[in-house]
Each structure stands twice: as C-alpha cells, then as structure tokens.
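What follows is a set of notes on a single structure, which appears directly below.
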There are 2 protein chains.
Amino acid sequence: MYEQLMLMLKRYYSLQSALSLFYFDMDTNAAEGSIQRSAEVTNQLSAMALELLKSDSLKETLQLAKQEPLDATQKRMIAIVEKQLKQLEAIPNALYLENEALCTKAQWAWEDAKTKDDYDLFKPYLKQIIEKSKQMAQLKREPGQSLYDVLLDDYEEGMDEKSYDDFFELIKKELVPVIKKVNARKKPRPHFMDERYDVDKQKQFNHELASYEGFDFKRGMMKETEHPYTTNLHKDDVRLTNHYYEDNFTSALFSTIHEAGHGIYEQNIADAFTMSPAVHISSGMHESQSRFMENCIGRSEAFWKPLYPRLQSYFEAQLKDVSLDEFIDAINLSECSCIRTEADELTYPLHILIRYELEKQMINGDVDIEKLPSMWNAMYKQYLGVDVPSCREGILQDVHWSGGSFGYFPTYALGSAIACQLYAYLKKTEPLEVWLEEEDLSKLCAWLKENVQSFGCLKTTNEMLREVTGEPFNPRYYIDYLKEKAAKMYKIQDI
Amino acid sequence: MYEQLMLMLKRYYSLQSALSLFYFDMDTNAAEGSIQRSAEVTNQLSAMALELLKSDSLKETLQLAKQEPLDATQKRMIAIVEKQLKQLEAIPNALYLENEALCTKAQWAWEDAKTKDDYDLFKPYLKQIIEKSKQMAQLKREPGQSLYDVLLDDYEEGMDEKSYDDFFELIKKELVPVIKKVNARKKPRPHFMDERYDVDKQKQFNHELASYEGFDFKRGMMKETEHPYTTNLHKDDVRLTNHYYEDNFTSALFSTIHEAGHGIYEQNIADAFTMSPAVHISSGMHESQSRFMENCIGRSEAFWKPLYPRLQSYFEAQLKDVSLDEFIDAINLSECSCIRTEADELTYPLHILIRYELEKQMINGDVDIEKLPSMWNAMYKQYLGVDVPSCREGILQDVHWSGGSFGYFPTYALGSAIACQLYAYLKKTEPLEVWLEEEDLSKLCAWLKENVQSFGCLKTTNEMLREVTGEPFNPRYYIDYLKEKAAKMYKIQDI
C-alpha cells in the first residue's frame, strides 16, 4: 500500500507542478488580461489538490501503508504526509478558501498601498489577515503552544518562540554593539558601484555566473520578475528569476548567487524524492543553502579570485581600474539602512529581529493596527539608528504579511545561521579555498548534494546538522562569522 | 443539477487548461532536460481529467440534470458531454493509454524518419497506428457507419464519407482542369519574394499585423515554434506561434494571418462558454475562420491597401519598388508543388484530396503499407502533375498520421469551403471592401463574433450556415471563388 500511497501523491504533486507553472507563467509571460480567468483555473487546481489530499481513499491507503514493514525513509515520508493532513484537517475548507481569497485581495491592496505610499489602503486588509491567521492558528494549536508558535512551526518544524527568543536575544546582544562600532567607521561607497552597467551584458554575465555556481540550465532557466525568486515544477525544471538595475549591478549579481543557491538545492534532490513528500523543505533549510552561496561563498575572495577577471572583461570601462581587493571590500560594506532586501550581512538579522518582535505582538497580543508604522519606525531607530522616511520604505516594504505569511521572516535569519555553521565545519574539514580557486563550484556542490541537498526534507535541520557537523543547531557560528568579518573589514580590535 | 454539472466540468477544463500550458511551455520555453519528467506530470493530469469525466458522480449529475427543465443551450451542452462520454466509454482505458503511448513513440519515429528521409523507419509504427485506429473506430462504430465514417465524425460532427466523396468529387472535377490551365500559364516568382528580410523586423511587423487583424495581445501572445499553431488556456489567454524564415518572409506573414484567425475565434467565444463543453469547436469550423482570414481576406487587395505601405516602410530596400498590384499578384500565385503547407489556395484542396483517398483505403481497406509511398507519388503525379522527389517531401511531410489523426485532413478543405460560403454572403450583404479599406478589421471581427464565433460549438456548422447565409453547407461557393480568382489572375476566359 505504501507504493499505492506514493502513486496517489504523485497526482497531488502533479497538480502542484501545474500550479507552479501557472504562477511562474503569470509572472514572466502571461498577458495582463489573462490573470483573472487564470486565477479561476488555479483555484480549481488548488481545490482538487486539497481534496485529493483529504480524500478518504488517501487516508485509508495511508493507514494501511502504516501497517506494513517500512524502512526509515518510508516512515518519515508517511510522517510528513500525516502532519500535513493533520494541519489541513484542522482548518475547515471554507475558512481555508476564505483566507486564500482574502490574501489575493490583500496582495493587490498592498501593491497599491506601497505604490501610493499610503498605509491606510492596506490597513483594513492587514487587520483581517491577522485575524484570520490567529483564527487558523487557534484551530491548529497543540497544548502548550502559543499562537505564534503554531505559525513558526509551519515554516520550520521544531522551532518555537522560546528558541527564536534565545536566538534573537543573542543577535541583539552581540551584534547591536558591533553595528554601532562599524557605523562609526563608515566607509564611503566606491564610485564604481553606482555606475551604469548595460543590462544586456549583466544578463549575459549573470547567466554565466549561475552556471559557474553549479546551476544546470539544461534543467532550468532564469527569467525576469519584479522581485527575484525560485520555483520548480520538479527537480528537472527549476526556475529562477532576477531583476536587473542599470545603476545597481550588484543587486542582480547577488540575487543570482542567492537564487541559484535555492535552485541547485532543488536540482540536487535525489531522483526518488522529487514530486514526493520529501520536497517540503523548511524555509530555514532552503534559506541556509541560498545564503550560504550568497554570503559565505559569494562574498569571499576565494570565490571571486578566478571569476573577477571575467566580470572585468564584461565591464571594462567600469571595472578595469578596480582591484579584486577593492571589489571584495565593496561587496562587503556594511551600512544601516531601511530596506531589508538591500541590507548587508551584518545588519540583516536586525531587520529580521524587528519583524519577529512585531509579528509576535500581532499574533499573540492585541496590537493596535494604527500604531504599527510608528512601532516599526521606532525599532529601526533603536536597533539600526535609521530614520524611516516613508511607509513604502518602512512597514509596506515586504510582500509577506499581505500573503498571510506570519512566522516566515525568522527563517531568513535562521537560514543564515545554519549556513554559517556548515561553512565553519567545511572550512575546518575540507580545502574549501582550494576548491573555490580551482575555478568552479563543482566540488562544493558535490559536497552539498551528498551531505545536505539530496535528502530533501527527509532529515530535520537538527538531524542533518548533527550528522554533518557533529552538533545540533548552534547560532554561535553565525555570530562569530559576522564579528570576525566586521573586525577584519573595519579593522576593529576590541570586537 | 445542471449548474452542479457545469461546476464539475470546470475542473475538467481547468485540467485541460493546465495541459495546454504545459505543452505550450514545453514548445516555447522549457529547458531540454525537463521534458521527460514533465511528461510524467502531464500523464497524471490527463489521467485525472479522463477519470473526472468518466466518474460515476459526473454521470449521475448528468442524468439528474437531464431531468430538469433545460433551455436549448443547456440541452446542447449536455448533448456534447454525452457524446464525449459515449466515445470515451467505448474505448477501454487500457486501449486508450496504449494508443497514447504508441502515438508518442510514433511521433519520435516519424521525426527521425523524416529527418533521415527513410520511410522504413516509420512504417512499422504507421502499421500499428492504423490498426489501433481501426480497433478504436470499430468500438465506437454505430450501425451503418464505415470505420472511416467514425473517424471523420470525430473531427467534424455530421460529416461522413458520402458527404466528403461528393465534396472531393466536385473539387476533382472542377479544379483539376483549372489547375492544368493555370499551370500552362505559369508566372515567374518575382525576385522580391526570395530576398532576405531581417527576422527581428519581421517579428515586429507580424505582431502589428496580428493586432491589426483583431487579435488582442492583452489576452494572448505570439511566440516561436518549429511549426505555427494556436492554443489557449481559456478565452483570455490565447497563444499563437509562428516561425520566421529570413529568405521567405511571406511564410510568417500568412501564418500570422491564419493563426490569428484561429486566435480571434478563441478570444471571441462568449464569456459563459469558455471552459465549458462549448469549446469543442470542430476542426472544420476552426479552419473556416483561419482560412477565411488567411485567404479570403489576407490575399485580397482591399485588405492590403491600407496595410501595404506599412509593410513597405519596414522593408524599404526590398519593397520600395514593388507596387501594391505586384505584391497582390505575388501572394496569389498558383504553382503545383509537393508540400501541402506551402500550397497556394487553388492547389491546396488537391493535396487534401490525395490524403483523403489514401486514408479511406488505410482505414476501410487493407492497404499494403509497403505501397503507400508509391500510391502517394502516383496521385501527386495524377492530380498535380508533380514528381515527388523523396519521402520527406512526400508521404512523410505531415505530422498527423504519426499522432493517430485520421479523418483530420478533410476538415482543412471543408474549412476553406465554409470560409468561402461566408465570404460570398458577406460580400453580398455588407460593404466588406469599405470595411477593409477603413484601416482595420474591427467591423469584420464584430460581424464574425456576432454571427459565428461567440457560440463556440453550440451551433453545428450547418445550423450556423443556415442561420447566417440562409442555406446549409454548399461547396459551390468555394469552387466559384477559386475559379473566379484563377480566371482573373491568369486571364483565362473559358474557365
């Protein structure tokens, strides 16, 4: 019956694959006037997927499969489905669909509000979304869980407020003083960073870059959208997006390295695991692979040593007089700013901390929706010392809340921390610098595939970390990595 | 229950929409290495669609809906579903899937055989496909039907061998002598037709052209594939493809007009009919709209009068010394050739006649598969006076048989004839030339929408023709149209 169950689930994942294709097509290809009717199609496909998963025949097959002698992989597969089912069962279909419909409207409202820099346009939707999210968390809640715990667990199994509180407390305690010191020694942004870089040439180089990193364009592609992201139809069709700015060439550069990091993860899952429950990789784990590539690798000298001359040859006018050292220095500058997606490595976790603190109050407490912007701005002043000039650059900057994604943000910081733990281990046990200077990332990618990526979500984050590095999640590596880097970059002795 | 039935069918058409998107994406976008796994996804989606349609709950709902008081539209909707179901029920799932698998393999074999110009590579597959098609026709056959009748009815409800025999007999009798006369007065192909036309500029002009014709790019797109075709996700997302040849610019030009003709039909179906049984428009009806645009309109002087200067401005070097008259003359040249898709209006139906005669023998008789190429070549000699130099330019030229599509070809000629019947009526009753010379096709498209296109397949071809033109299908208009044109173009008195 286990085989039977997997066959039934193949249909579920085929519908998910169709949905991914629709969403990607809407973003990158479809004509404007098609969206509304295509949304009706995707609603139907979603409903079918949901019904399939909740169907009696699937449940019966699952129960019968559980009585068979199963190996560890099979048991874990079943556990993933059971958890998914349990969560679905907790939410009545009507509520689920109501929430979907609300989020669709809220996303439009958010876009409009952001464009017009008018929080009031989004406010009523945000209020409703918070209420719906609380209502759904209430239904899923286990004894002893806070409402926010429920949502945190959705994005990273096993993580709760307690663990995140400790994590962010450490970040606050250790990093806020470092940021202050770095800020006091602020370096100017070098001129070449703001020159104009031909977009077509950027595209060409970024495709080369993704390929160099290990992304297989025979089983994927990179297109353009407003905000870069990664999606997939299955392991052999992984789709990245990017956004090119003529006056900010490093934006696309690091988006490429980041998204290709996600993409390589998807391409490296074992054949037997694609289109199976093993694909439900947690956000934290996924971010660990993208941020590992973007930061630990993509901002290192060893990575750029063979690659930088290539970049220079694309943009001779802009870069011929910029040395590798100067380039590395520039892509590692730290500066306090308002925008999360443009933040450097060091200040990034503070952006997340602020969202974490606010979400906790929004979900657990009874926050005054009117006051959210001023709370946001006050925290930016407190932790990063910046004045937020507008809602567009403040509370309206991120898409997440308009889609009902509460509990997602913390996984960004978590992923960065997991990345640094793997990085520390790798540097200690493998000749990583030699690998990187050998001119492509194939040895590194092979290591990641073998140790981390091929398993999909069949190992939990802690299982994987224990098996690979010998210890469970430890945020200390993250802190040390950031502090060492800051000390080196800004020549601070007493960090 | 009728509403309930339509809701259930929405799911079926949502799956069809997903399948269309997958196939289009595979053709125009997807990475090479994705195809095999994506084919597994589409197999799952197809199977789901089939099961949904054949499910007991759908059948029960249909039976209950039939007992309600229904209007004519509702009755016709139900009749379409019942016919579809009856045909599906006649074929056991296993046979259906066997045939699908065979066709997939046969298409690869056909491509290979065509590339290598080696009929023997395709022969064993063709033999099996004929057998499978006969086997399925046998199962669907009604009393009094020949096997080929069954297949003809699949593509054009109500048409059978008897009707097509009469139709093609008329074509043979009337047109073969005309073609001989025209051939005796052969005109040289003017030099400008074979000059090089920049492909990017072609693309630009062809997009403009499709738009001018009435295709709404806000609800559709035009991409590139090896062979041009039209598909749709629903009425608000209609997708055309084209193929540009630097040394043959009229190829893309008339593909655009043809495919946009199909596309406009899809865009013009009534809102209530998209993603419903009304979308099963017969091939003949669909071809009538594309060939109406391509030939009756797209090769007329009135159409090009306002548009030709625009074309000249795109290709000044090639066309500045070519007058409108010379251009019209060139796009209406008639020449006997081996390739159907490159045939002119006058010789085209003979290409179809040849395939019709062969199919009849393949399906009803016991044709010797070894002899098919020589039978093909003999008929090309007999009707068109040409020697077929190779199988690639002969029996292997078309994709249809490798996909098991027997009975499809005749609808191409039928569609052309329906087009001419509508055209004759329109010219008689509306100021068509004035419309065309008024610089876009909006009045014409509005007429087509109101009289023909908005109904989808809710009217049969004959119902539509009777209501619009006052008489049922009459091939005489087609013959007269072609003869008049030949007489005018080639200055033949005694035609």
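Brief remarks on what is shown
- Only one entry in B:Asp117, B:Asp160 is on the phi > 0 side of the Ramachandran plot and open to solvent by 20 Å² or more (accessible area, probe 1.4 Å), namely B:Asp117.
- Among (1) touching a helix residue (DSSP H, G or I) at 6+ places or on another chain (Cβ under 9 Å); (2) over 30 Å from B:Thr231 (Cβ atoms); (3) open to solvent by 30 Å² or more (accessible area, probe 1.4 Å) - the single one A:Asp56 does not satisfy: (1)
- Scanning the range B:356-380 for residues that are of a type in the set (A, V, I, L, M, F, W, C) and either free of Cβ contacts under 8 Å to residues at least 12 places away in the same chain or assigned to a loop (DSSP other than H, G, I, E, B) (or both) returns B:Val367, B:Ala378.
- Listed conditions (1) of a type in the set (A, V, I, L, M, F, W, C); (2) within 29 Å of A:Ala302 (Cβ to Cβ); (3) open to solvent by 40 Å² or more (accessible area, probe 1.4 Å) are all met by A:Phe249, apart from (3).
- A:Ser211 meets all of the listed conditions (1) more than 14 Å from every other protein chain (Cβ to nearest Cβ); (2) open to solvent by 50 Å² or more (accessible area, probe 1.4 Å); (3) of a type in the set (S, T, N, Q); (4) within 21 Å of the chain's Cα centre (by Cα) but one, namely (1).
Residue-wise test of (1) touching a residue at least 24 places away in the same chain (Cβ under 8 Å); (2) in contact with a Ser or Thr (Cβ under 9 Å, 6 or more places away or on another chain).
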{"site": "A:Asn183", "(1), (2)": "yes, yes"}
{"site": "A:Met193", "(1), (2)": "yes, yes"}
{"site": "A:Lys203", "(1), (2)": "yes, no"}
{"site": "A:His207", "(1), (2)": "no, yes"}
{"site": "A:Lys223", "(1), (2)": "yes, yes"}
{"site": "A:Asn232", "(1), (2)": "yes, yes"}
{"site": "A:Lys235", "(1), (2)": "yes, yes"}
{"site": "A:His243", "(1), (2)": "no, yes"}
{"site": "A:Thr250", "(1), (2)": "yes, no"}
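For (1) part of a helix (DSSP H, G or I); (2) touching a residue at least 12 places away in the same chain (Cβ under 8 Å); (3) open to solvent by 10 Å² or more (accessible area, probe 1.4 Å), each residue gets a yes or a no:
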residue	(1), (2), (3)
B:Gly394	no, yes, no
B:Phe406	no, yes, no
B:Ala424	yes, yes, yes
B:Glu433	yes, yes, yes
B:Trp447	yes, yes, yes
B:Leu458	no, yes, yes
B:Glu463	yes, no, yes
B:Asp480	yes, yes, yes
B:Lys485	yes, yes, yes
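- Residues of the range A:465-478 that are open to solvent by less than 50 Å² (accessible area, probe 1.4 Å) and among the hydroxyl-bearing types (Ser, Thr, Tyr): A:Thr469, A:Tyr478.
- Selection from the range A:265-286 of residues that are under 12 Å from A:Lys449 (Cα atoms), of a type outside the set (Ser, Thr, Tyr) and crowded, with 21+ Cβ neighbours inside 10 Å: A:Glu266, A:Gln267, A:Asn268, A:Ile269
- Where A:Tyr308 falls short, out of the listed (1) in contact with a Phe, Trp or Tyr (Cβ under 8 Å, 6 or more places away or on another chain); (2) in contact (Cβ under 8 Å) with a residue 24 or more places away in the chain; (3) surrounded by 16 or more Cβ atoms within 10 Å (Cβ to Cβ): (2)
- Per the conditions (1) small (Gly, Ala, Ser); (2) free of Cβ contacts under 8 Å to residues at least 60 places away in the same chain; (3) in a helix (DSSP H, G or I), the sole criterion not satisfied by B:Gly415 is (2).
- Residue in the range B:14-38 that is surrounded by the most Cβ atoms within 10 Å (Cβ to Cβ), counting only those that are more than 8 Å from chain A (Cβ to nearest Cβ) and within 19 Å of A:Tyr23 (Cβ to Cβ): B:Phe24
- Boolean, B:Lys10 is modelled with pLDDT of 95 or more, more than 9 Å from chain A (Cβ to nearest Cβ), assigned to a helix (DSSP H, G or I) and under 22 Å from B:Ala272 (Cβ atoms): no
So that you can scan it fast, the table gives a plain yes or no per residue for (1) out of contact with any Cys (no Cβ under 6 Å at 6 or more places or on another chain); (2) buried (at least 19 other Cβ atoms within 10 Å of the Cβ); (3) within 21 Å of B:Tyr13 (Cα to Cα):
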| position | (1), (2), (3) |
| --- | --- |
| B:Leu70 | yes, no, no |
| B:Gln87 | yes, no, yes |
| B:Ala90 | yes, no, no |
| B:Ala94 | yes, no, no |
| B:Lys105 | yes, no, no |
| B:Trp110 | yes, yes, no |
| B:Leu126 | yes, yes, no |
| B:Ser133 | yes, yes, no |
| B:Gln138 | yes, no, no |
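- Residue satisfying condition, being touching a residue at least 12 places away in the same chain (Cβ under 8 Å), hydroxyl-bearing (Ser, Thr, Tyr) and surrounded by fewer than 20 Cβ atoms within 10 Å (Cβ to Cβ), within set A:Tyr348, A:Tyr314: A:Tyr314
- Residue list for the range B:165-195, restricted to those being of a type in the set (Asp, Glu) and either under 25 Å from the mean Cα position of the chain (by Cα) or assigned to a loop (DSSP other than H, G, I, E, B) (or both): B:Asp165, B:Asp166, B:Glu169, B:Glu174, B:Glu195
The values are calculated or read from the model by the stated rules, or taken from the named source; none is laboratory data. Not measured: the values here are computed from a predicted model. Reconstructed Cβ throughout: ideal geometry from the backbone, glycine too, with neighbour counts over all protein chains shown. Quick note on the areas: whole protein, heavy atoms, side chains included, nothing else; ligands and nucleic acids left out. Shrake-Rupley method; radii C 1.70, N 1.55, O 1.52, S 1.80 Å.
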